[in-house]
Amino acid sequence: MRQNLLLWHLGQVGSIFRSNGIILLSFVMGKRKEIDGNPHVEFKQKIVRENIEQAAQEYYEMMDSRRSIRDFSEKKLPRSVVETVIKTAATAPSGAHKQPWTFCVVESPELKSQIRIAAEEEEKKSYEGRMSKEWLNDLKPLGTNHLKPFLETAPYLIIVFKKPYDLDENGNKLQNYYVNESVGIACGMLISAIHQVGLVTLTHTPSPMNFLTKLLKRPSNERAFLLLPVGYPAEETFVPDIHRKKLSEVMEFY
Ligand SMILES: Cc1cc2nc3c(=O)[nH]c(=O)nc-3n(C[C@H](O)[C@H](O)[C@H](O)COP(=O)(O)O)c2cc1C
């Protein structure tokens, strides 16, 4: 429920939105300051929860219901939703704020089909020789093989590219930092956003992925990082009966 406008500091006008226990403070103007000659704006925490334990539990339960889906429905979804989840992923922190990523969205059936053919070729080689016995054994409970029909059935494929360096207009290399960490965080946020809006995805890594750079005609400074089909699950979908480690197995408190 939107509440009335309030006057914050002198010269600052804001508004309060309240919904589901979240109070969102939105400020039109904030204080500004130069630090070492660089412009800074005052940070105001915009989300104020009335009950942080409940908020944490609810967020955990929502995220715990996420599963990797390998059977997609052909049901369409608005392109604007894909744009918004990518906009969300692009809010991720990144080393020196370099934002070393490009999110490519494939909707064209012809291109999806070319991607499927190339991915299955690589995956066949992997399953039939490139993967170790241990790896193949670890994959058994997941029931995966080299066939990837979801690359054609999912309405969108998001292919995330990392940029080890940027190129200026003269073709000179500009260094990026902590590229894998930054792009990994952005992908995590993308997966969370996709799940949060009621869609499903799969973290797919058809290895090696350089065929994606060629098919999508990406510049020389981009490397394919992850492929995420996005859509709705097929009507009857099964997922592996696997379990997550307990908190005591993944956390140490000091
Ligand atoms: C980096 C990474 C790469 C993955 N690559 C593949 C893949 O190529 N194919 C696939 O079917 N699943 C892939 N997965 C999905 C995992 O198998 C899945 O996350 C794991 O089995 C746990 O299941 P859940 O996501 O349903 O919790 C990948 C996951 C990650 C994080």
So, in segment 211-254, exactly how many residues are away from the ligand (no atom under 16 Å from the Cβ), under 21 Å from residue 66 (Cα atoms) and of a type in the set (D, E, K, R)? 2
Starting from segment 107-136, keep only residues that are farther than 19 Å from residue 210 by Cα and at pLDDT 95 or above, then list their pairs with residues that are surrounded by 13 or more Cβ atoms within 10 Å (Cβ to Cβ) and basic (Lys, Arg) whose Cβ atoms are within a distance under 8 Å, requiring at least 6 positions of separation or different chains. none
Can you tell me which residues in segment 201-230 are surrounded by 13 or more Cβ atoms within 10 Å (Cβ to Cβ) and among the charged types (D, E, K, R)? 218, 222, 223
Would it be correct to say that residue 144 is of a type in the set (S, T, N, Q), within 14 Å of the ligand (Cβ to nearest atom) and in contact with a Lys or Arg (Cβ under 8 Å, 6 or more places away or on another chain)? yes
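In a helix (DSSP H, G or I), in the same structural domain as residue 173 (by TED's automatic domain parsing), within 16 Å of the ligand (Cβ to nearest atom) and surrounded by 13 or more Cβ atoms within 10 Å (Cβ to Cβ): is that true of residue 115 in this structure? Step through it out loud before you land on a result.
Numbers: in a helix (DSSP H, G or I): yes; in the same structural domain as residue 173 (by TED's automatic domain parsing): yes; within 16 Å of the ligand (Cβ to nearest atom): yes; surrounded by 13 or more Cβ atoms within 10 Å (Cβ to Cβ): yes.
Yes; evaluated as a whole, the condition is true for this residue.
Take the residues in segment 190-210 that are more than 14 Å from the ligand (Cβ to nearest atom) and part of a helix (DSSP H, G or I); name whichever of them is nearest to residue 80 (Cα to Cα).
Taking segment 190-210 and keeping what is more than 14 Å from the ligand (Cβ to nearest atom), we get 193, 196-199, 210.
Still in the list and also part of a helix (DSSP H, G or I): 193, 196, 210.
Values: 193: 13, 196: 15, 210: 28 Å.
Looking at the filtered set, the residue picked out is 193.
The values are calculated or read from the model by the stated rules, or taken from the named source; none is laboratory data. Not measured: the values here are computed from a predicted model. Every residue, glycine among them, receives a Cβ derived from its backbone with ideal geometry; neighbour counts consider all protein chains shown.
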